[in-house]
Structure formats: structure tokens, C-alpha cells
Amino acid sequence: MSVDPALLPSDEDERLEAVQRYNVLDSPPDGAFDRVTALAARHFDVPIAIVTIVDTDRIWFKSRYGLEVDEIGRDPGLCASAILHDDPWIVEQADRDPRTLANPLVAGEFGLRFYAGAPLTTHDGHNLGTLCVIDREPREMSDEDSDTLRDLAAIVMDELELRLAARTVVDREQTLRTFAERTARALQASLLPPELPALAAADLGAFYEPARDAEVAGDFYDVFPVGAEGFALVVGDVSGKGPPAAAVTALVRHTIRTASMTTDDPAAVLRTVNDAMFLGQTEGDLAHYCTVHLTFVTPLAGALVLRSAAAGHPPGLVLRAGSETLQELPAFGPPVGWYKDPSFASTEVTLDAGDVLVLHTDGLTEARQADGSLLGEAGIGDVLRRCQGKSSPAIAEAVQAMLHEPGVDVRDDTAVLVVQAR
Amino acid sequence: MSEEDAVRAPVFRVEVRQEDATVRAMLYGELDMIGTGALETTLGGVRTGTCVLDMRHLTFLDSAGIHVLMRLDTRARAEGWDLAITGATGAVARVLALCRMGDRIPITDGSPGTA
């Protein structure tokens, strides 16, 4: 729809850019503007008062008092004329005024007789729209009335400026937050092994999946060699989110690697990790704690001997070859970083050929299924029974696929390690 | 209960009763990330005596819930009041056991009148 060129202000392109910049078109109702229109209607004793924004080919109503339409075309709209002027544009008797008597709003059913519109002028001089008052009876407008209308329009403009300023701040914060999240994700990714080591004695599978909300949390896993033939499996979950949590992940992961060079007792390693977290700190200083499950694996005559210790972490789950029953590997201990001198205990178990061990973080068991129930150990058991005889990567893939089933709600990071004897 | 309510996770709620020098906080529903703020705010005023977290009506406790218990424990020790847990059963008791919560915060069973 084209607009009468006579209705286009000389700054029309820049004016439309300003309209876009204030981002007000088609925004929801806003009490601040509704109060101004109600006040204007009451003060001028008119049935209709509107805050309008003049768009390319329409006039959109940000707030309307006494009117049930949301917008009209730009052509008949008197506001299109009003924004051509920097002072209030007033028509006291529209059916006799040469400027308006042929206008369909005046000549037609609506029967407009009185119009006074003050432009909403931005600080850089563009008229976005108007605050206007309308009556179906002719009226007179004093200079004082005109000044009042101009002041009310200035209040509307102040509100628009405030909203623009607030939005600019929010946008800037969002940009910063996105940057921080990307950094944290990159750091988090650097804390995961790029690929699992190829081991002669064991078949490994793993996945890590960040939570679906944008902030990065602190789940991690690690696999590294220990001694001549052995290796260590680590799954952990650092409390909190963002870069500070990722920094704790780095401390825990590297301390486990270092401490594992000097002892074959996983409980001793966890004590060292706890000591490292409290170096130079007192109880209550630490903003983050970490749950960890650490297992040292030693191949022995076709089987794998597992020595595990845990710090507040969900137990490892074992499905024996040919068995229907999921077995928990209980390992008890407080999360590291909570208090000094905690006690951890190691437990030992042997995996024979075909037995599967799954280590995981609670993001997996606490994923909610479509019916609202938790996935739980039972859900993992179902997948493992279905996957008997499959490779560890295939099992990890099947567990991950379960998280992507329709209706499944995963609220936290999820890290999973799967191991079988070869 | 509508079908929609049935699939929604039970909302966490805490009710506090003063019993002489003991504050008894009854925890209801699921204590996860969403509920931790409410629990810490509710117990923010405890400065003396004993605070008993009664978990007999708590159905779920996740790592965020454990974290808030750890923060409360740290605060209680720093401020010189006692924290205790009672009534935990099932999945909640299991999570407390995995964390050896009892090494740090006294845990008693859930029969009425104890703790």
C-alpha cells in the first residue's frame, strides 16, 4: 500500500529507522502508556486518547483509551499529518476544516470532529508517532491545553527512551553472558579426553552431554593409563555453573591424574583431591564441591579387577553377562571440597567377559521421562539388558539416545562411561 | 488431581515449627535446584539452638539439594548452632548415605518424637 507523498516527512527513512530502534511496534500493552492515555482523556474530557506509532503504511496504537482497534492505515490517519509538525497539530472542527473535511474518519461513520496530536519526538529529532486526543464533538483547545498535551507526549517519549536504554543494557549483558558461556564451554570441552584411549584389555564407550539450558555446568569424565597395563576411569560433577565451576573441574581432574601416579588406592587419591581443594582455604570458604567416582582397573587373565572409591557420587552399575539384575557398586564418601579430613573407602569387584560397568553422573538418572517419573537406575538397566552383547560405544550411544526420546527432560549435564572386559 | 498435575513434579515446600529451642523444618516434595533457595531463605534466621530437617515427606533429593545441606552444615558450624536430619527414607536416605551425610550431620530415624 502506497502512502500519499504529501504525508511523508522529509526525514522518513531515518524516522522509520528510529521507529525500528525503539522496538515498540506490536509490543504488548504497557501500564505506563495506558496511564498517560487515561489521564489525557480525563484531563481533556474526551472519549478517546491514543499513543500512536506511525509505521511504513500503518498507524499502530501502543495504548488506546476508548477505542477497540489496534491500528489503522497510514493514509486516513490524522497522526500521519500530525507527525509532519513539531508542535501539536489541532483540528477543532474537522467537518469544516479544509485539512480534514474529506477524510474518511471525518466524513464517514466514525464521525471524528476534534483531533489534537502532539508528536513523540526522539532526542535526535524524529517524530515516531503521537499522543492524540479525539472527540466526536467539535472542541476548542487553548494554548494552555496545547502545552499540557505536549508535556504528556514528552512523558510518553521519556518512557520510550527508558525502555530503549533498558533494552540496550540487557542486550549488552546478553552479549557478555554468551561470550562467558562460550568460554566456559570451550574450557569444559578441554577437560574431556578428545578420544578414549584404545586399550588391549578393555572396550570403552563414553558420552558427555551439556544441559539444554545455556549455562555450562561441571560434569566431566576422564580415562588415563595407570601403571604398566592398568587405567583409571573418572566421572565427576562439580556443583554450580559457569567458568568458576569449570576451574574447579580442572583442579579436580588434574589432581586425580597426579595423585594416581603415587598410589593404587582410589580412596587415597580422593583424600588428596580434598586436601588440594582446601589448600590455603578454610571450611566454608569453598563455593564449589565435587562428586567423583574413581575406579582403577587392572586387567587380570581376561577379567578386569576394579578398585573404586566415590565422593558423594551415584554408584557404578554392573550388569553381569546373561543376568537380568542390575548390580550397584556401593561406594560411600562425602563430596570433595565440603570439609577437611573426610574418610573414603575403596571397594573391589571383578568384571568378567561380557559384564558391563556404567559410571554416570546424576544428570542421567534424574532425567525425567514423559510421564514425569525419573529415568533412574531402572531406565539404565532396561537399556543395558537390551544391549547385551554389544560393544561399549554402542551401549553408550543407546544410553544417550534414551535422553533424546520425545518428552524426556534432561535438566543437568550428563556424563557416562561404559567399560567391558575384551 | 488433573492429568497435568499428575505428571508435574511435586513442588518443594518447607514449613517451620518452633519447638522450645528447636526449629523443626518439615520438608515436602522434591528438593532440587528449584527448592534450594526457599529452604535457605526459610532457615536464614536460625542463629541458635537446634534446627531439625524433617524429611519424612521429602520424596527426592538431588545434588543441588545435597549442596544446600552442605552449605547449611557449614553455616551451622560457623555460627554455633546444631543441624540434624530426621525421617529420611527410600531414595532420600540412599542419597544421604552415599554422601556419608551422617558423618557430618546427625541423622535419626523418622519415628515421631525423635530427634
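Here are the numbers for the structure shown:
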item	result
Checklist (1) more than 10 Å from chain B (Cβ to nearest Cβ); (2) of a type outside the set (A, V, I, L, M, F, W, C); (3) in contact with a strand residue (DSSP E or B) (Cβ under 6 Å, 6 or more places away or on another chain) applied to A:T291, failing item	(1)
Unmet criterion (only one of (1) open to solvent by 60 Å² or more (accessible area, probe 1.4 Å); (2) within 11 Å of chain B (Cβ to nearest Cβ); (3) more than 30 Å from A:A301 (Cβ to Cβ)) for A:P335	(1)
Qualifying residue in the range B:77-88 (condition: surrounded by 14 or more Cβ atoms within 10 Å (Cβ to Cβ) and without any contact (Cβ under 8 Å) to a residue 24 or more places away in the chain)	yes
Among the residues listed as A:T263, A:T255, the single one being in a loop (DSSP other than H, G, I, E, B), modelled with pLDDT of 90 or more and within 20 Å of A:S343 (Cβ to Cβ)	A:T263
In the range B:92-109, residue modelled with the lowest pLDDT [restricted to those that are farther than 21 Å from A:S346 by Cα and surrounded by fewer than 16 Cβ atoms within 10 Å (Cβ to Cβ)]	B:D109
Residues of the range B:37-73 that turn out to be open to solvent by 20 Å² or more (accessible area, probe 1.4 Å), part of a helix (DSSP H, G or I) and more than 10 Å from chain A (Cβ to nearest Cβ), as a count	7
Residue check for A:A310: of a type in the set (A, V, I, L, M, F, W, C) and either assigned to a strand (DSSP E or B) or crowded, with 20+ Cβ neighbours inside 10 Å (or both)	yes
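Residue-wise test of (1) open to solvent by less than 30 Å² (accessible area, probe 1.4 Å); (2) farther than 19 Å from A:V51 by Cα.
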| position | (1), (2) |
| --- | --- |
| A:A94 | yes, yes |
| A:A102 | no, yes |
| A:L105 | no, no |
| A:P119 | yes, no |
| A:D124 | no, yes |
| A:C132 | yes, no |
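Conditions tested, residue by residue: (1) assigned to a helix (DSSP H, G or I); (2) touching a residue at least 60 places away in the same chain (Cβ under 8 Å); (3) hydrophobic (A, V, I, L, M, F, W, C); (4) farther than 30 Å from A:Q20 by Cβ.
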residue: A:Q93; (1), (2), (3), (4): no, no, no, yes
residue: A:P98; (1), (2), (3), (4): no, no, no, yes
residue: A:L101; (1), (2), (3), (4): no, no, yes, yes
residue: A:A116; (1), (2), (3), (4): no, yes, yes, no
residue: A:P119; (1), (2), (3), (4): no, no, no, no
residue: A:G125; (1), (2), (3), (4): no, yes, no, no
residue: A:C132; (1), (2), (3), (4): no, yes, yes, no
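The values are calculated or read from the model by the stated rules, or taken from the named source; none is laboratory data. Quick caveat, the model's predicted, so the values are computed rather than measured. Positions of Cβ are backbone-derived with ideal geometry, glycine not excepted, and every protein chain shown enters the neighbour counts. Ligands, DNA and RNA are excluded from the accessible area calculation, which covers all protein heavy atoms including side chains. Shrake-Rupley method; radii C 1.70, N 1.55, O 1.52, S 1.80 Å.
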